[in-house]
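Report on one structure; see the data block that follows.
Computed from the coordinates by the stated procedures, all read-outs in this text should not be read as laboratory data. The structure displayed is predicted, hence computed values, not measured ones. Reconstructed Cβ throughout: ideal geometry from the backbone, glycine too, with neighbour counts over all protein chains shown.
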Amino acid sequence: MTDSLLARVLGELQNKTAGERLAFIQNEIAKIEDPEQRELAETALLLGMHVGIPERRDHVIVLVHGIRTYAEWQERLAGVLADKGYELVYPIGYGFFDVLSFLCPLFTRRKPIERVLRELRAIKTKHRDADISVVAHSFGTYVLSKILEDATDISLHRVILCGCIVPLKFRWDKVVARVKGLVVNEVGTRDSWPVAAGLVTWGYGPSGTFGFKTTHVRDRYHNCGHSDFFEDELMARYWLPMLLDGQIVASDWTRKRTKASSALSLMSWFPLKSLLGIAVIGWLTVLALHRVAWV
Amino acid sequence: MSSINLEALIDEFPEEAASVKRLAAFLDRSEKSGQPTKELSVQRFFDIAKPSSQMVLVRMLQRLVQQGVLRRLVRVESDALGGIGDFGSVADVPHVLFDSRMGREIEVRSDQLKLIYRFEPTGAVR
């Protein structure tokens, strides 16, 4: 039962006569099929009857997607949240971001960052007293890390990262003061994309495959790949309790997971881009020397 | 330190660490006074823990029930004070109940319901 549903039931209860109230409560609770949810609702209702209708603080949830997608998961998660009574959900996009723009370490990444930042500032203006939480996927996690790094006017409530490509050495200690609640990194141990991104270009890292392993971020491991986080069951089981009440539901895979595959480990430390850089510099040097000799 | 260790709850609800510590301190004090708390109403839990929201307290209590630390029961209280019946859930509460304290059958009202959590002796989370 969410705060809004609880407020509605408690409000309607006031309009019932003393003799009708018990039956009304029993009927309302009986409508909830899931026994766990029913118990939660009953507890919330009995608590609310004694301490009053909870005051609601607006909570805006912002969803930021990755590359090469228009992210249908955003609308699905928005729907799941709306079912729970949370209407203030903003899926944010920055258009179709192609692989070349993603790989290029200069210029191209700036536009999506500015776009998301503009959106966040607009939401902040529109909902002045609201808490703002963010769910970001893949390139969206990189965008968010840059916003946290640079835009000191942006403060967040809770953050969920998945398919995260932020470098492992990201200084969470410098930005975590602007996240009031928790930062959870959903790690997919079969997700090779964060490793590949860090392998071939600058600015990214394998945090979505191996975890940050820092006190400032809670890594939660799952036996899944880059875009497997958007199953309804996973969102309902792990994300809703976290977003709505700050509850970290433990995943079994966090303890059970096996050693990362040798290929992923090798990819994570192999200095491909540095070697490519050296090769390019060497090639240019040789070319220049030949030119001098020819002149 | 109370025999009931609530550290696991802080791990699951890190934002509520202060609330859990307030609750642990209360249990510790009551244990040291020689009169350990056997049960608390949900309202008392709320007053002691001062959680950031009602829903988060509800979720924390549910976890403690699932872990076997607490047992949850719905108590019907007599207008003459004192419980006259404990039930597993609101659905189990009959509309008419014999009030042993008043010596007659009464029609149960919703304001007579009280949610109680009893501390289970073997339920300490380690």
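Observations
- Partners for residue B:32 among lysines (Cα-Cα distance below 20 Å; same-chain residues under 8 apart left out): B:21
- Mean separation of Cα contacts under 8 Å (6+ apart) over length of segment A:123-279, as relative contact order %: 20 percent
- Rg of the Cα atoms in segment A:222-268, relative to 2.2 N^0.38 Å, amounts to 1.41.
- Neighbour-count order for A:202, A:193, fewest beta carbons within 10 angstrom listed first: A:202, A:193
- Dipole of segment A:190-295, positive end: most advanced residue of A:240, A:264, A:279 [Cβ charges, Cα centre]: A:279
- 20 Å Cα-Cα threshold exceeded, pairs from A:111/A:174; A:111/A:273; A:174/A:259; A:126/A:174; A:124/A:146; A:213/A:259: A:111/A:174; A:111/A:273; A:174/A:259; A:126/A:174
- Compactness of segment A:1-115 is given as radius of gyration and Dmax, 21.5, 71 Å, from Cα positions.
- Sorting A:169, A:146, A:180 by the number of Cβ atoms found within 10 Å of their own Cβ, with the fewest placed first, yields A:169, A:180, A:146.
- Most mobile listed residue (A:165, A:278, A:53) in chain A, GNM with C-alpha springs under 10 Å: A:278
- Gaussian network model of chain A, Cα within-10 Å springs - most flexible of A:188, A:79, A:19: A:19
- In the elastic network of chain A, a GNM with C-alpha springs shorter than 10 Å, the most mobile of A:207, A:192, A:265 is A:265.
- On Cα atoms only, tilt of A:272-294 relative to the major axis of chain A in degrees: 30 degrees
- In chain B, the longest principal axis of the Cα atoms and the axis of helix B:17-32 are about 70 degrees apart.
- Assuming charge only on the beta carbon of Lys and Arg (+1) and of Asp and Glu (-1), the dipole of segment A:59-269 about its Cα centre is about 680 debye to the nearest 20.
- Sorted by Cβ density within 10 Å, fewest first, the residues B:116, A:32: A:32, B:116
- Taking a ≥ b ≥ c as the square roots of the eigenvalues of the Cα gyration tensor, chain A is prolate, since a/c reaches 1.5 or more and a/b is larger than b/c.
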